[in-house]
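Please treat every number below as a calculation from the coordinates, not as lab data. Keep in mind that what you see is a predicted model, and the values were worked out from it rather than measured. Cβ atoms come from the backbone with ideal geometry, glycine included; neighbour counts cover every protein chain shown.
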């Protein structure tokens, strides 16, 4: 994912995406530190090194959630303004589920939640995270929650549901990605193990043969399967 931005006080620039949990790709468009924000200077504040949130600051972030992304039950010490740009997504809360689709908006106020994409296409969100005081219950800050590992539609399970043609298209898209070198190496090692080749031999094959071999793998690791789902849907979107 790449996001272009323009500011009246700086030149046009591009930020690159970062991979979070399997199936989640995020791009920080802009950040500010301190209140009120300082509009002086021409630095590209989207390149600031930040975590999920920024203490005493804000983050404007675009996130893409692939189908079957890995579960993560969590909360943040922030108030989040969320706009669904495309696709559909579920937010699981304690005892309830909120379904969102393109055009919907949400205000998230520090509750424990988990994003779930049960569809077949990626969901893209624009999110503004503003530093906030931690939620307290009875004068105590509640636990942030634990990582959830039980999910009904993992990336690898969705991969198994794809047709041979869809798998081949996904594999071809992966080998054609200029910024997917780590994923390509992981795929090459997987093919080498399955076909009893040397990894160097696999990397020397033409993209069509590598795509055929990768498409035949029935159970890729979750992170690689998630990447394959993302590049597949991007390829379909570009072809429209």
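Contact order normalised by length for the range 156-239, with contacts defined as Cα pairs under 8 Å and 6 or more residues apart; what percent is it?
Contact order relative to length: 49 percent.
Convex hull over the alpha-carbon atoms of the range 156-239: what's its volume per residue in Å³?
So the per-residue hull volume is 83 Å³.
Within 10 Å of each residue's Cβ, count the other Cβ atoms and sort 45, 165 from fewest upward.
165, 45
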